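Chemist: Take a look at this one; I'll ask things after.
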């Protein structure tokens, strides 16, 4: 019977885990592009939480390295590229409105940190700030886009 690998405290290490000479733990994994990544933790519990999140992301088809860095602007650009059923004037209107009202302010935020309440708050501040929108419907797509992107990031591998 093969013996399991153990750390200095006697805990069994899973595949991909190892204890470093300085006492920290590391977990190595391969992403979908066959590139090796390593994650570190101070203790085994912290490392296994990170490992569990990485496995969940990989099973969902997400890139764990990119997921924390992606901004709202990048998600919007991806969303607009995927919308094939828009008329050219509608697409131009969406891009203009987003560039004019969202890209330089709210769009620079990390997508993973944005909650729907933040989007609603920003949307209502736009309505309050610009009471005389030429068309109030021109910014109504912003909450819809975030809601769709959140749902898509959970169920799809596009984000």
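Every number here is computed from the coordinates shown, using simple stated rules; none is lab data. Bear in mind the structure is a predicted one, so any value in this text is a computation, not a measurement. Cβ: placed from backbone, ideal geometry, glycine included. Neighbour counts: every protein chain shown.
Chemist: Expressed in nm to one decimal, what extension gain is obtained for the pair residue 7 and residue 82 from 0.36 nm per residue of sequence separation less their Cα-Cα distance? Show your work: numbers first, answer last.
Modeler: Numbers: separation 75, 0.36 × 75 = 27.00 nm, distance 4.77 nm.
Result: 22.2 nm gained on full extension.
Chemist: Can you tell me the mean projection area, over all orientations, of the convex hull of the range 17-67's alpha carbons? Units nm², please.
Modeler: It is 3.5 nm².
Chemist: At 7 Å along Cα-to-Cβ for each site, give me the label-to-label distance between residue 69 and residue 99 in nm.
Modeler: Here the modelled spin labels are 2.6 nm apart.
Chemist: Next up: What full-extension length gain, to one decimal in nm, is calculated for residue 20 and residue 112 as 0.36 nm per residue of separation minus the Cα-Cα distance?
Modeler: 30.1 nm
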